[in-house]
Amino acid sequence: MENWSLFSLCVLLGLTSRWAVSFHSYSGAGKPPMFGDYEAQRHWQEVTYNLPVHEWYFNTTNNDLNYWGLDYPPLTAYHSLVCAYVAKLLNPEWVELHASRGYESHSHKLFMRATVLFTDILIYIPAVLLYCFYFCDGSSKQKVATALCILLYPGLILIDYGHFQYNSVSLGLALWGILGLGLGWDLFGSLAFTLALNYKQMELYHSLPFFCYLLGKCIKQGLTRRGFFQLAKISLTVLVTFALCWMPFLSDPKQPLQVLHRLFPFGRGLFEDKVANTWCSLNVLIKIKTLLSRETQLFLSFALTLLFILPSSLKLLSKPNLWQFKLALVNSSLAFFLFSFQVHEKSILLAAFYCTHLGFCLFLRLMFFLFVFFHSMLPLLVKDGLLLPYVVTSLAFLFLSLYLLSALERSTEEELRLGLYRKLTQRWLPKLNLSRIIKWKFWFSLVAMAVLSFTSVWLEPPAKFPDLFPVLVSILSFLHFLGFIIYFNLVQLMEPQRKKSQKKTN
Amino acid sequence: TVMAAPVTNDQSWFFALALGVSFLKCLLINAYHSTDFEVHRNWLALTHSLPAAQWYYEATSEWTLDYPPLFAWFEYGLSHIARFFDKEMLVVQNLNYASPATILFQRLSVIVADVVFFYAVKECCKCLREDKGKYLLGKPSFILTVLLLWNFGLIIVDHIHFQYNGFLFGVLLLSIARHFQNRHFEGALLFSILLNLKHIYLYIAPAYGIYLLRCFCFTQSNIYASPESRINKLSIDLPQVLSRLFPFKRGLCHAYWAPNIWALYNIADKAFSILGVKFKLLDINKLPKASMTGGLVQEFQHSVLPSVSPLATLVCTVLSILPALFRIWHRPNGARGFLRCLVICALGSFMFGWHVHEKAILMAILPLSLLAVESREDARIFLILSITGHYSLFPLLFTTQELPIKILLLLLFTIFSLTSLKTLFRSGGALLNPLEATYLLGLIPLELICEFVYPLTVWQKTFPFLPLMLTSIYCALGVTYAFIRLYISLLTCSDSTKKIKTQ
């Protein structure tokens, strides 16, 4: 069967599962007064449509920032504006100022879901297809298998089409950025990534790898001649894009400051809820939230984040090739997730996406996916009433990845990654069969996490520790994430050049 | 290439496909379900609460039991599991009861019952004459498995609209597979069981009858009759059951016209009456008031052409399948000839039957899949029949929410069947000639007009039935064409009995 037909079948399957998940409930459905992310998006359409630009990020009589105030960069606001125009055509009640608060109806839900599908088809899916086509190793069947697994990635499907968000836009744009860089179109790549950054500020997690890669490339081309021009062109592209996106806000110096204030709410504290990062886990032993002052917390998180990204970024700067770039993406997002300020559990989605799909050892990848999933997603999705699609999509994804991709991994990947550990452990434990250990660890983690999630959902915790199960899951996940970041950093720093990656060096 | 490598054992792909489609079905649990959902809930309730003698008399709900007794027993068995999900669904008075637990249980029961279908498909794959392919995606058994397991019509009708066709077609396909494997007693037994599960399979009973009589002499025909009578001895009042099973009070056509001959007949009648009134040949006052396009299932008259009675449709149906039966009698072509005759009987009854549901097209499409992976001509007919037949099921899901799903799934099935059959029969040029390809492509503008453009026009209020009529007439052309081609292929195929006697 021809390639185009196989790829189109993958896309159709991906779209079908997306739309089928959208039948289910969304965040905050039927839960006044605050509802959830769905209502937030609807509210932003209302605000951007009815109010002038300079009021969008400010607390005015018409715009109550406590009720889902805009806290994403301007591109999200423009996107909401466009959706609002369409909404107005279909049913003006959906975006009536004030009167449409908490509006819920079947047709409105269809409209909102359709907007997600539309942007997905426009931005994310073509990026995935091109990525698999150009940057996956192996035969065309392997590429199709990879494409299918990426398109059926539950994280994105459940958050975007269940909980309700527009992650596919920012993730898609970032993927276009990676594509651009991989194909040697630096300007296009920087443009795409800047747009992604202007859509969701969480893409800052990946900005350092992009920066280091491009800077490293320019340095390699010689900072005096071609490299300098390239650097200038890239900087110009980035600045112009920023200027265009922020243009309406540049008239008054107060505006950008207020927007930044909304984007980075340092006033909200080190963490909220149960996140599998360092601060939350540390808080179990020592109550840092109350012990240290706000400034010290900020400084500590900044310092540790920097500490963990610096080695990987410097390595990328010195060796700017695609393989290093991918590893740096994973390391950077993991570092930010573990040590940054005010991190949400959904942020792990970013690190998880790249880790699960960017071609490392399959069982490691899937293990990572497991921890992300069971820890972060489960409580969130159960709260939204999405248990059924969660179970079905996760099982389908796990099964499909194992079935389609496990044999593909046998020969190429494993030996290379694990060669590193072999070097380390050969001295002390020469008889270790590392790949088998990893496989066993994967199955063991799967069972353990399944049991823990089951207990956290269905069993009553003891009265003395009401949060026992979520905290246990959170701490376990944290320990694993810590292990992952150390591992990926080691892989990146001690990496011998892969034969195939030579082709991709630009 | 790679596809040879990950297959640790030869049949793991079957399991992967079955699991994959089951996952998809689970995702569709929350989709729209039709009144058939309430129908089955009502049957669960009444089989659970009442003694067997009263099942066919119960009339609290408008959805009286109109399937044969064995299906009633099946519902009775299910009701015992239903108790653990939600006891309230088993109360007959709880009309239109649809709690989340009820929906979950009923949907899961369909998904689990499909295991019968999976087993039957596996058995059918074993019956294929040759199963060699360069790689997995080109193997006839793989293609057949996808065409059956991922059949668009079955997924849409069973898992969205809500019915139990998968399980029933499993029994049918298993019976066919047994005949291919020369295990004729089991095949006959399975068919008798099937008839007692859903009487719509009477459509294809003639094929079974003639085939078994012809090939296995009269002494063995007793075996066919006796399981039937054994199952029927279930202390049930026969006339009452029959009156529930065959409600001839319903009209010639269903509320939505199945794409058969009568749809074309109706439209011709309407056209003649309009023309007649225009050219003053008919008096508009003498024409019957009730409109065919009103959408109700009453009995009514045609204006210009002679009215059609149930007897007339029966005669037409019998006449349409008689040549095929004669052919099988005189020159049986082994199990494949029987299968071809079966498809023709199903299609003939669909074309000329009384009050035919559009879902009945599946009875022709599914068995035809078996023939399609083995012969080029059958693949052509299958493509035309399946694409038009599946498209004609669109009006079953009329909600906006399901619109993307049905389009995506139809595209999925169509692209797969087109490309895989084209690859299978690569030698010998294109599979579809330009006329056929144009006809199939014409479905795209038809869909755009009916579901996107028409609802925005002013005629939506005055003639709401028009898109449905257009759909059924357009599809009727394709189905008729497939019927004729199928007949031609049956009547002109060479006698290869000797070669395929042993499987």
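The values are calculated or read from the model by the stated rules, or taken from the named source; none is laboratory data. Just so it is clear, the model here is predicted, and its values are computed rather than measured. As a convention, Cβ positions derive from the backbone with ideal geometry for all residues, glycine included, and neighbour counts pool all protein chains shown. Accessible surface areas use protein heavy atoms only, side chains included; no ligands, DNA or RNA. Shrake-Rupley method; radii C 1.70, N 1.55, O 1.52, S 1.80 Å.
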field: Radius of gyration and maximum dimension Dmax of segment A:276-340, Cα, Å
entry: 14.3, 44
message: Defining a contact as two alpha carbons under 8 Å apart and six or more residues distant in sequence, what relative contact order in percent does chain A show?
response: 17 percent
field: Length released on extending from A:PHE264 to A:LEU306, taking residue separation times 0.36 nm less the Cα-Cα span
entry: 13.4 nm
query: To the nearest 0.05, what FRET efficiency results for A:LEU459 and A:ILE437 with a Förster distance of 25 Å applied to their C-beta separation?
result: 0.20
- line: Karplus ³J(HN,Hα) for segment A:82-96 (6.51 cos²θ - 1.76 cosθ + 1.60, θ = phi - 60°; Hz, whole; x = Gly/Pro) runs 4, 4, 5, 4, 5, 4, 4, 5, 7, 6, x, 4, 5, 10, 5
Sulfur and carbon atoms: percent of accessible area, the protein assembly as shown [1.4 Å]: 69 percent
- request: Let me know the volume per residue of the alpha-carbon convex hull for segment A:131-233, in Å³.
  value: 99 Å³
- prompt: Okay, which of segment A:307-336 sit inside 13 Å, backbone N to the point 7 Å along the Cα-Cβ direction of A:LEU282?
  reply: A:307-308
- line: Averaged over residues of A:19-28, the number of beta carbons from other chains lying within 10 Å of each residue's Cβ is 4
Global geometry of chain A, whether rounded, prolate or oblate, following the gyration tensor of its Cα atoms and the 1.5 cut on a/c: rounded
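Holding the Cα-Cα limit at 32 Å, pick out from A:LYS141/A:LYS383; B:LYS122/B:LYS406; B:LYS87/B:LYS122; A:LYS254/A:LYS319 the pairs that are longer than that.
Listed pairs above 32 Å: A:LYS141/A:LYS383; B:LYS87/B:LYS122; A:LYS254/A:LYS319.
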- request: Have a look at B:SER320, A:GLN142, B:PHE279 and report the one farthest towards the positive end of the charge dipole of the protein assembly as shown, computed about the Cα centre with Cβ charges (Lys/Arg +1, Asp/Glu -1).
  value: A:GLN142
query: Going from the alpha-carbon gyration tensor of segment B:22-83, what semi-axes, largest first and in whole Å, does one get by taking the root of 5 times each eigenvalue?
result: 24, 14, 10
query: Chains B and A: what accessible area do they bury, summed, in square angstrom to the nearest 100, with a 1.4 Å probe?
result: 3100 Å²
message: Ordering A:VAL238, B:VAL171 by accessible area with a probe of 1.4 Å, largest first, what comes out?
response: A:VAL238, B:VAL171
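Only four residue types carry charge here, +1 at the Cβ of Lys and Arg and -1 at the Cβ of Asp and Glu. Report the dipole size of chain A about the Cα centre in Debye, rounded to the nearest 20.
Dipole size: approximately 2120 debye.
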message: Please check segment A:138-153 for residues whose accessible area, probe 1.4 Å, is lower by 10 Å² or more when all protein chains are in place than in their chain alone.
response: A:SER139, A:LYS141, A:GLN142
task: Ignoring everything but the protein chains, give the 1.4 Å probe accessible area of A:SER293 in square angstrom, nearest 10.
output: 60 Å²
statement: Surrounding charge for A:SER190, neighbours by C-beta under 15 angstrom, Lys/Arg +1, Asp/Glu -1, total 0
- prompt: So what is the 222 nm mean residue ellipticity for the protein assembly as shown from helices alone, if each DSSP H run of at least 4 adds -39500 (n - 2.57) and you divide by all residues, rounding to the nearest 500 deg cm²/dmol?
  reply: -20500 deg cm²/dmol
field: Gain upon complete extension [A:LYS289, A:LEU387; 0.36 nm per residue less C-alpha separation]
entry: 32.1 nm
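Going by the alpha-carbon gyration tensor, a ≥ b ≥ c the square roots of its eigenvalues, is segment B:109-181 rounded (a/c under 1.5) or, if a/c is not under 1.5, prolate (a/b greater than b/c) versus oblate?
Values: a/c = 2.94, a/b = 1.55, b/c = 1.90.
Oblate, since a/c reaches 1.5 and b/c is not below a/b.
Suppose all protein chains stay in the model; what accessible area per residue would a 1.4 Å probe give for segment A:115-164, in Å²?
25 Å²
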message: Based only on Cα atoms, what mean projected area does the convex hull of segment B:354-424 have, in nm²?
response: 5.1 nm²
- prompt: If we restrict to alpha carbons, what Rg and Dmax does the protein assembly as shown come to, in Å?
  reply: 32.1, 104
task: Mind putting a number on the dipole of the protein assembly as shown about its Cα centre? Charges go on the C-beta only, +1 for Lys and Arg and -1 for Asp and Glu, and I need it in Debye to the nearest 20.
output: 3120 debye
- request: Please work out how much accessible surface A:LYS441 shows to a 1.4 Å probe, ignoring ligands, DNA and RNA, in Å² rounded to 10.
  value: 80 Å²
task: Rounded, prolate or oblate: pick one for segment A:1-92, where a ≥ b ≥ c are the square roots of the eigenvalues of its C-alpha gyration tensor, a/c under 1.5 means rounded, and failing that, prolate if a/b is larger than b/c, else oblate.
output: prolate
message: Given the options B:PHE71, A:ALA127, B:PHE142, identify the residue whose Cα lies farthest towards the positive end of the charge dipole of the protein assembly as shown (+1 on Cβ of Lys, Arg; -1 on Cβ of Asp, Glu).
response: B:PHE142
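Longer than 24 Å from Cα to Cα, which of B:LYS139/B:LYS359; A:LYS109/B:LYS25; A:LYS143/B:LYS422 are they? Say none if no pair is.
From B:LYS139/B:LYS359; A:LYS109/B:LYS25; A:LYS143/B:LYS422, over 24 Å: B:LYS139/B:LYS359.
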message: From the protein chains alone at 1.4 Å, what is the descending order of accessible area for A:ARG262, A:ARG225, largest first?
response: A:ARG225, A:ARG262
- prompt: Between A:LEU51 and A:SER318, what length comes free when the chain is fully extended (0.36 nm per residue of separation minus the Cα-Cα distance, one decimal in nm)?
  reply: 91.3 nm
field: Heavy atoms of B:TRP329: accessible area, 1.4 Å probe, square angstrom to 10
entry: 90 Å²
For A:PHE271, distant residues with modelled amide H under 5 Å away: A:GLN342
field: Cα centre as origin, Lys/Arg/Asp/Glu Cβ charges: segment A:188-290 dipole, Debye
entry: 280 debye
Positive dipole terminus of segment B:1-134, leading residue within B:LEU95, B:GLY133, B:ALA82 (C-beta point charges): B:GLY133
message: Can you compute the radius of gyration and Dmax for segment A:66-174, using only the Cα atoms, both in Å?
response: 16.9, 56
message: Defining a contact as two alpha carbons under 8 Å apart and six or more residues distant in sequence, what relative contact order in percent does segment A:160-220 show?
response: 27 percent
message: For B:VAL356, what residues show an amide H to amide H distance below 5 Å, using hydrogens built from the backbone and excluding near sequence neighbours?
response: B:HIS254
